[in-house]
Amino acid sequence: MARKASPEPDFDRELADLPPELRWREWKARVEAVLFAAPKPVTREVLARVVGRDCVLDLLLDDLREDLRGRPVELVRAGEGFALHTRAAFGPAVRLAFDIPADAKQLTKLEAGVLMAVAMFQPATRAEISEMFGREISRDLIAAMREDGLIAAGPRSPKLGAPYTYVTTEKFLVEFGFESLRDLPDLEALKDAGLMPTAGQLGARDSEPEADDAGDRLALPEVSQDSAA
């Protein structure tokens, strides 16, 4: 059986024949092209494939971030990856161009709270999240967040029945503008914002019917359009 050929056998990573300034500029252009074409955040390991061994990738990314100042796209970090996103100020133009409803990425306070609870206490089961809020968190709500790519299934819980747990995704970090889970607001800040119930609210909900949160919606950060540069 013939060995599969390398897709780019003559690709020159090192660019040793170029002066240092032109070499740096070419490496930076390659990284920008990869980020532009990528459908999801790109890790350092992937970016390192297109630059020389002596390239300090963090310095290059900082340089690229500066180059993008004043342009409609910005370099953002999400977890272990990097991506190019449309700046929030251009969100209305992007939505209009692609006929995206203005409320397409809105969450109720309950939905946003559940998402933050998963982020803070992951891996968490639906029953554990329901207990935090003092109300049943529906399977449909969890399924909708999974469909949106904001949460994913985690490891099975060691509890009786081995229920599914849920964890947040890289997309969650991107959409909320977090570089990592360390950037999450603290619990008290979430309670002050009404996204997590206080002890008093939990007690009140034990004896009251569920409130309708549908009219109290929170907008997510602008939808990123990587191809809108």
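Tabulated results
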quantity	calculated
Options Gly70, Val51, Thr108, ranked by Cα towards positive dipole end of region 43-113, top entry (Cβ charges)	Thr108
Percent of Cα pairs exceeding the 26 Å cut-off, where the set is region 17-167	48
Under-5 Å amide H pairs with Ala124, H placed in peptide plane, nonlocal only	Tyr166
Arg13 accessible area, 1.4 Å probe, all protein chains in place, Å² to nearest 10	90
Cα gyration tensor shape for region 22-84, rounded if a/c is under 1.5, else prolate or oblate	oblate
Among 151-164, 124-137, 68-81, the order from most to least packed when residues are scored by Cβ within 10 Å on average	124-137, 68-81, 151-164
Karplus-derived 3J(HN,Hα), 6.51/-1.76/1.60, for each residue of region 111-117, Hz, glycine and proline x	4, 5, x, 4, 4, 5, 5
Packing-based ranking, highest mean first, of 188-196, 108-116 given that Cβ atoms within 10 Å are counted	108-116, 188-196
Computed E for Glu8/Leu96 - FRET, C-beta separation, R0 41 angstrom, nearest 0.05	0.60
Net charge over other residues, Cβ less than 15 angstrom from the Cβ of Arg69 (K, R count +1; D, E count -1)	-2
Ranking by accessible area, most exposed first, for Asp58, Asp63 with a 1.4 Å probe	Asp58, Asp63
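The values are calculated or read from the model by the stated rules, or taken from the named source; none is laboratory data. As the structure is a computational prediction, the values presented were derived from the model and not from experiment. Cβ sites come from the backbone with ideal geometry, for glycine too, and all protein chains shown count toward neighbours. Side chains included, ligands, DNA and RNA excluded: accessible areas come from the protein's heavy atoms. Shrake-Rupley method; radii C 1.70, N 1.55, O 1.52, S 1.80 Å.
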